[in-house]
1. Taking the condition of being open to solvent by less than 20 Å² (accessible area, probe 1.4 Å), under 24 Å from Ala240 (Cβ atoms) and more than 13 Å from the chain's Cα centre (by Cα), how many residues in region 139-163 meet it?
2. Just name the residue that is surrounded by the fewest Cβ atoms within 10 Å (Cβ to Cβ) out of those in region 206-235 that are of a type in the set (Val, Ile, Thr) and under 17 Å from Leu94 (Cα atoms).
3. Being at pLDDT 95 or above, of a type in the set (Val, Ile, Thr), under 30 Å from the mean Cα position of the chain (by Cα) and assigned to a loop (DSSP other than H, G, I, E, B), is that true of even one residue in region 369-381?
4. Consider only pairs whose beta carbons are under 6 Å apart and that are at least six residues apart or on different chains; among these, list those whose first residue lies in region 27-52 and is free of Cβ contacts under 8 Å to residues at least 24 places away in the same chain and whose second residue is surrounded by 17 or more Cβ atoms within 10 Å (Cβ to Cβ).
5. Being out of contact with any Ser or Thr (no Cβ under 6 Å at 6 or more places or on another chain), within 30 Å of Pro143 (Cβ to Cβ) and not aromatic (Phe, Trp, Tyr) is the requirement here; does Leu293 meet it?
6. So Ile76 ticks every box in (1) over 20 Å from Arg338 (Cα atoms); (2) touching a residue at least 24 places away in the same chain (Cβ under 8 Å) but one. Which box is left unticked?
7. Report, ordered by the first and then the second residue, all pairs with beta carbons closer than 7 Å, sequence separation of six or more or different chains, a first member in region 191-216 that is within 29 Å of Leu134 (Cα to Cα) and hydrophobic (A, V, I, L, M, F, W, C), and a second member that is assigned to a loop (DSSP other than H, G, I, E, B) and open to solvent by less than 50 Å² (accessible area, probe 1.4 Å).
8. Among the residues of region 282-303, is any basic (Lys, Arg), open to solvent by 10 Å² or more (accessible area, probe 1.4 Å) and more than 24 Å from Asp164 (Cβ to Cβ)?
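The values are calculated or read from the model by the stated rules, or taken from the named source; none is laboratory data. Computed from a prediction, not measured in an experiment: that's the story for all the values here. Positions of Cβ are backbone-derived with ideal geometry, glycine not excepted, and every protein chain shown enters the neighbour counts. Accessible surface is based on the protein model in full, side chains and every heavy atom, while ligands, DNA and RNA are left aside. Shrake-Rupley method; radii C 1.70, N 1.55, O 1.52, S 1.80 Å.
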Amino acid sequence: MDNQPKIQGTSNHVPQPIRSDGAGAPDLGPRDIMRDLENPDMLVPPITDAGLLPNLKFSFSDTTMTLNHGGWSREITVRELPIATTLAGVNMCLTPGGVRELHWHQQAEWSFMLWGRARITSVDQDGRNFIADLGPGDLWYFPPGIPHSIQGLEGGCEFLLVFDDGNFSDLNTLSISDWFAHTPKEVLSANFGVPDSVFNNIPREQVYIFQDKVPGSLESQKIKSPYGTIPQSFKYELLAQTPIKTPGGSVRIVDSTNFPASKTIAAALVEVEPGAMRELHWHPNNDEWQYYLTGQGRMTVFAGNGTARTFNYRAGDVGYVPFATGHYIQNTGNQTLRFLEMFKSDRFVDVSLNQWMALTPRELIEDNLHVGAELLDVLRKEKWPVVKYPEF
């Protein structure tokens, strides 16, 4: 293998689909070498991989951008990742003053602010209103059918939107401009009590995203409703939460127990240090939709009956784990791996393999797995979502 060609301008050997046990052969035909370098465990699967699992990875970099004056968006739905039936994701950027127009959805909307600052507004079915500014690490949640807007503040912003239906598309929502454009002017006149001419310049189609000026202060835009404000805040400051810290990383969990408005989406922000891993576990409530924020890692998903497949992930990728299947996420880089785990559920729940074994009679574990005290004596009754053992 010392005679492998090298990629010009790098010190990396061209990877070949040959495992350390000798299985495989060189790939000398047309190929995307950079892609293979990004997916070493797909090019050379671990010997423990077996059977067939559907694709559990898609990158936002492989999606189509929708460009508007005022910002852009791109999305990953069942079109791009067919197994992801429970949740869909939209990555959106708004310029300073850029507006995601007044609209509503048939699905719930959950969001994580990636950078910058944004202002959100909403009004519920009882005429109670809501307005708030958000920064990096903040969340918002809008229930299905509740109208809202998003606007970039000074410097602009970027955020991840997650919807509780894998078939969702952000380009197929219910927008105020679209409704006006498809309502007869005489009906608009009768509804608002103004002349038809008032509507001569309304948009002819959905605006979606448009450029506006940066709004004034939050106080300057607040409107007092006679019915009060929405009682359950649509905003949650996730980074203000005290994390669960273990050797190797930390976890922040947000669901309806600490963010009451979020009835249908639960999530965790996980940080895994170099050399550490999100422990072997599974989720007994629903499929898991992942978004990778920083770093790089790998995940093997075990689906039972001798079936397992390993995938590599990096910042900007979406991962997916089917309901109740075992998995881990291991940091394979030299910087902190940060990612979101999301579920179509009101609660975040997981089952730890280590904790399960620790709370099961020793004799059962010993006879089932043919292991001894070296393993049984170090099992933990307390759950560690992230683990790191420098000596291993």
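1. Here is the first cut: in region 139-163, the ones open to solvent by less than 20 Å² (accessible area, probe 1.4 Å) are 139-142, 146, 148-150, 152-153, 156-157, 159-163.
Next, from what is left, pick out any that are under 24 Å from Ala240 (Cβ atoms): 139-142, 148, 150, 152-153, 156-157, 159-162.
Going one step further and asking which of them are more than 13 Å from the chain's Cα centre (by Cα), we end up with 140-142, 148, 150, 152-153, 156-157.
Here the count works out to 9.
2. Residues of region 206-235 that are of a type in the set (Val, Ile, Thr), as a first pass: 207, 209, 214, 223, 229-230.
In the following step, the residues that additionally are under 17 Å from Leu94 (Cα atoms) were identified as 207, 209, 214.
Numbers: Val207: 21, Ile209: 23, Val214: 15.
Within region 206-235, the match that is surrounded by the fewest Cβ atoms within 10 Å (Cβ to Cβ) is Val214.
3. Residues of region 369-381 at pLDDT 95 or above: 369-381.
Those left that are additionally of a type in the set (Val, Ile, Thr): 371, 378.
Restricting the remaining residues to those that are under 30 Å from the mean Cα position of the chain (by Cα) gives none.
No: region 369-381 contains no residue that is at pLDDT 95 or above, of a type in the set (Val, Ile, Thr), under 30 Å from the mean Cα position of the chain (by Cα) and assigned to a loop (DSSP other than H, G, I, E, B).
4. Hits for this filter: Asp36/Pro15; Asp36/Leu43.
5. Details: out of contact with any Ser or Thr (no Cβ under 6 Å at 6 or more places or on another chain): yes; within 30 Å of Pro143 (Cβ to Cβ): yes; not aromatic (Phe, Trp, Tyr): yes.
When the stated conditions are applied, Leu293 passes them.
6. Answer for Ile76: the failing condition is (1).
7. Correct list of pairs: Ile209/Gly70; Ile209/Gly98; Phe210/Gly70; Val214/Gly97.
8. Checked region 282-303: at least one residue is basic (Lys, Arg), open to solvent by 10 Å² or more (accessible area, probe 1.4 Å) and more than 24 Å from Asp164 (Cβ to Cβ).
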